[in-house]
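J.: What follows is a structure written as structure tokens; I'll ask about it next.
The values are calculated or read from the model by the stated rules, or taken from the named source; none is laboratory data. Since we're looking at a predicted model, the values are computed, not measured. Here the Cβ positions follow ideal geometry from the backbone for every residue, glycine too, while neighbour counts run over all protein chains shown. Accessible surface is based on the protein model in full, side chains and every heavy atom, while ligands, DNA and RNA are left aside. Shrake-Rupley method; radii C 1.70, N 1.55, O 1.52, S 1.80 Å.
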Amino acid sequence: MPWPSFNHFVAPGSQPANVYGMPTPGEGVKVGFHGIGDEVDPDARPHRSVRQRELRAYVREWFPGLHPDSAVPISCTYTTTPDEAFVLDRVGRVLVGAGFSGQGFKFAPGVGATLAELALDPTARADPAFRLR
């Protein structure tokens, strides 16, 4: 059975942040702390790994089938809004789809359908929860 994608909402203070993970075909399982890195310019990011010691300890505790000492650190960059809500909206003739907080891949069909509706119907509006504020 393939490894599942997951979000682990940890008890406050038990880890540096909530944890996410997913299988990466041909490489293993990607595991990381959510939202702990610095705010960076994506064209000039430092590509440095963050909190590797804590992450390896987390994997040892929660995932006995994985081998944390064989992990290869990578830098993961994604956009996040302050409340982690997606932005699906229109500004004049421009559609905005952003701020997926590292979770857009899971919601791609719904995001695509919403943006397609906005593109095809100039009177359509996304749900208020997804509008630009």
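J.: Of all the Cα-Cα pairs you can form in the chain, what percent are over 21 Å apart?
T.: Values: 4577 of 8778 pairs.
Considering the chain, 52 percent of its Cα-Cα pairs are separated by more than 21 Å.
J.: Say we join alpha carbon atoms closer than 10 Å with springs in a Gaussian network model of the chain; which of VAL59, VAL94, VAL111 then has the biggest fluctuation?
T.: Judging by the Gaussian network model, the answer is VAL94.
J.: Could you do me a favour and compute the accessible area per residue for the stretch 28-133, 1.4 Å probe, result in Å²? Present the calculation step by step, with values, prior to reporting the outcome.
T.: Working: 7200 Å² over 106 residues.
Accessible area per residue: 68 Å².
J.: Next question. Work out how much length ALA57 to ASN18 would gain on full extension: take 0.36 nm times their residue separation and subtract the Cα-Cα distance, in nm to one decimal.
T.: On the way: separation 39, 0.36 × 39 = 14.04 nm, distance 1.41 nm.
Extending this stretch completely gives an extra 12.6 nm.
J.: Could you please state, rounded to a whole Å, how far the C-alpha centre of the stretch 76-133 is from the C-alpha centre of the stretch 1-44?
T.: 22
J.: Would you work out the charge dipole size for the chain about its Cα centre, treating the Cβ of every Lys and Arg as +1 and the Cβ of every Asp and Glu as -1, and quote it to the nearest 20 debye? Show your work: numbers first, answer last.
T.: On the way: 13 positive and 14 negative charges, 15 e Å.
With Lys and Arg at +1 and Asp and Glu at -1, about 80 debye.
J.: Let me ask something else about it. Can you give the FRET efficiency for ILE74 and ALA11, using 1/(1 + (r/R0)^6), R0 = 35 Å, r = Cβ-Cβ distance, to the nearest 0.05?
T.: Efficiency, from the Cβ-Cβ distance: 0.85.
J.: Tilt of helix 108-120 relative to the longest C-alpha principal axis of the chain, in degrees (0 to 90, nearest 10)?
T.: Orientation of helix 108-120: about 20 degrees from the principal axis.
J.: What is the spin-label model distance, in nm, from ALA85 to ALA129 if the labels are put 7 Å beyond Cα along the C-beta direction?
T.: 0.9
J.: Largest first, what is the accessible-area ranking of SER14, SER75, SER101 with a 1.4 Å probe? Show your work: numbers first, answer last.
T.: Values: SER14 65, SER75 40, SER101 0 Å².
The ranking, largest first, comes out as SER14, SER75, SER101.
J.: In addition: Can you list the GluC sites (Glu not before Pro) in the stretch 33-99 that are in a DSSP coil and have 15 or fewer other beta carbons within 10 angstrom? Could the numbers behind the result be given before it?
T.: Numbers: sites: GLU39, GLU54, GLU61, GLU84; in loops: GLU39, GLU84.
Within the stretch 33-99, the qualifying GluC sites (Glu not before Pro) (loop, at most 15 other Cβ atoms within 10 Å) are GLU39, GLU84.
J.: Name the most mobile residue of LEU66, LEU55, LEU120, meaning the one with the largest mean-square fluctuation, in a Gaussian network model of the chain with Cα contacts below 10 Å.
T.: Among LEU66, LEU55, LEU120, the largest mean-square fluctuation in the Gaussian network model of the chain belongs to LEU120.
J.: Additional query: For LYS106, LYS30, what's the largest-to-smallest order of accessible area, 1.4 Å probe? Each step should come with its number before you reach the end.
T.: Values: LYS106 85, LYS30 50 Å².
Greatest to least solvent exposure: LYS106, LYS30.
J.: While we're here: Please identify which residues in the stretch 76-90 have an amide N closer than 17 Å to a label point set 7 Å out from the Cα of ALA98, following the Cα→Cβ vector.
T.: 77-90
J.: Taking all protein chains as present, what is the carbon and sulfur share of the accessible area of the chain, in % to the nearest whole number, probe 1.4 Å? All intermediate terms of the calculation are to be shown ahead of the outcome.
T.: Numbers: 5260 of 9120 Å².
After summing per-atom areas, the C and S share lands at 58 percent.
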